[in-house]
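The values are calculated or read from the model by the stated rules, or taken from the named source; none is laboratory data. Being a predicted model, the structure only gives us computed values, none of them experimental. Heads up, the Cβs are rebuilt from the backbone with ideal geometry, glycines too, and the neighbour counts pull from every protein chain shown. Calculation scope for accessible area: heavy atoms of the full protein, side chains included, ligands and nucleic acids excluded. Shrake-Rupley method; radii C 1.70, N 1.55, O 1.52, S 1.80 Å.
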Amino acid sequence: MNPDREQALAIARESERILLSGHMRADGDCLGAQAVLFHAFQALGKECQILLPDPPDGRYGFLQEKTPWKVIEAGADLPPHDLFMVCDCSRLSRLGQIGGLVESSDIPRIALDHHPLEEGDSPWTALFHDVSSPASGLLALEFSRGLGVEPGAEACEAAFTALMTDTGWLKYSNADAVAWEAAASLVAAGVDTAKVYHEVYQRAERGRPRGIAAAMANLEYHEDGKLALAWVDETSLDGLHASLEDTDEVLDIMRGVDGVEAVAFLMPRNGLWKASLRSLSIVDVNAVAEKLGGGGHARASGILFPEGTTLAKAREGLLLGLQEAFRAFP
Ligand SMILES: [Mn+2]
C-alpha cells in the first residue's frame, strides 16, 4: 500500500475521538463513505461523530436510521476530537464554516477522496486518495478493512448507496469493472438494492416532474448539437412547488440525445447560480469548471458562481468555456 495511505491508517488507529465530515450539500457518496467509516470506528470502540456543514438532500435520510449525523450550527465550534476526517472532498473551501475551523486547528486531518487534488501545498496531515476509484464509498471500505474491520450490514448498505449514486446506478463512464465487482459483492453481502433504489430515486416531491419540464423548456443546443445547455430559475420552480436539489435526471435527459457530448445545467442554489456539467467521453468538464471557480471530475463537475453573478453572465461564461473546450477537439 502507498505510504500516504499507511500513514492515514496509522493516524486513525492511534486516534480515539474522530470527527467525520464531508463537502457542502453532501451527496450519497459523501454520506455513504462517512457512514462506512463511522461503523468501522465504532467497531473498534472509538468515539465517532458525523458533523456536516449543511443539511443533505432528504433522499439520503434513510441512512440516518443506522448512522446518526448532525449539521453544525451557525457560529458553533467543533466538538472535541483528536482526528478530523473528511470524505469525498479534499478542499477546505468546500466545508463551509467547518473548513475555517479545521484550518485554524492543529489537530491531525485526513481527506479520503477520489476528486483531483488542488494544486499547491496540501492542507492535510495524510491522504487516502485515489482518482481512479469510482466512489469515495469504496475507498472507505478499503479504509475500514485497513483498520481490520470487515464491513457489517449498515456499512454495506451505505457503501452501496455511495457507489450507486456516484456511478448513476452503474451507468456513467466511471462504472468500471471495479465498480461492478464491488456492487456485486455488496449485493452478495445482503444489501436490499430495491430498497436503496426506492429511497434514493422514487420518493421525489410531486412538483419534481414539472420542475424538470420547466428546465427542459429552456434547453439550447450548441456546437452542432454536441453541446446541450439548460437552465431553470427560482421563480418557475417556486410556482410549480418543485425543487431540483439533485440534477441527475435533468442531465440524463439531455445527454440521452443522439450526438450530445457535453451537457450543462444552471439552477439557483441558496441565492447563487450553480452549474452541473457532464461529458460523455471527450470534453474535460473539470478543466472548464476550474476556470470558472468550480471543480470535480473530468466527466462530472460543478460550479457555484460568485455572489452577484447574473443568470445571463453565468450562462455566457459556461457557454464560452465549453465552446473553447470543444474547439480543442476539431
Ligand atoms: Mn464522490
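Structural remarks
- Test result for Leu139, under 29 Å from Ile282 (Cα atoms) and either outside any helix (DSSP H, G or I) or of a type in the set (Lys, Arg) (or both): no
- When restricted to residues that are in contact with a strand residue (DSSP E or B) (Cβ under 6 Å, 6 or more places away or on another chain), without any contact (Cβ under 8 Å) to a residue 24 or more places away in the chain and assigned to a loop (DSSP other than H, G, I, E, B), region 44-99 contains 1.
- Test: Val250 is of a type in the set (Val, Ile, Thr) and outside the structural domain of Leu304 (by TED's automatic domain parsing): no
- Among the residues of region 1-32, not one is open to solvent by 70 Å² or more (accessible area, probe 1.4 Å) and closer than 10 Å to Asp88 by Cα.
- From the options Arg145, Arg94, Arg109, residue that is open to solvent by less than 60 Å² (accessible area, probe 1.4 Å), charged (D, E, K, R) and closer than 21 Å to Gln49 by Cα: Arg109
- Residue in region 1-41 that is modelled with the lowest pLDDT, counting only those that are of a type in the set (D, E, K, R) and farther than 12 Å from Cys87 by Cβ: Asp4
- Region 132-161, residues that are touching a His at 6+ places or on another chain (Cβ under 9 Å) and either closer than 19 Å to Gly296 by Cβ or within 16 Å of the ligand (Cβ to nearest atom) (or both): Ser132, Ser133, Pro134, Ala135, Ser136, Leu138, Leu139, Ala158
- Residues within region 249-278 that are open to solvent by less than 30 Å² (accessible area, probe 1.4 Å) and under 15 Å from Ser301 (Cα atoms), tallied: 12
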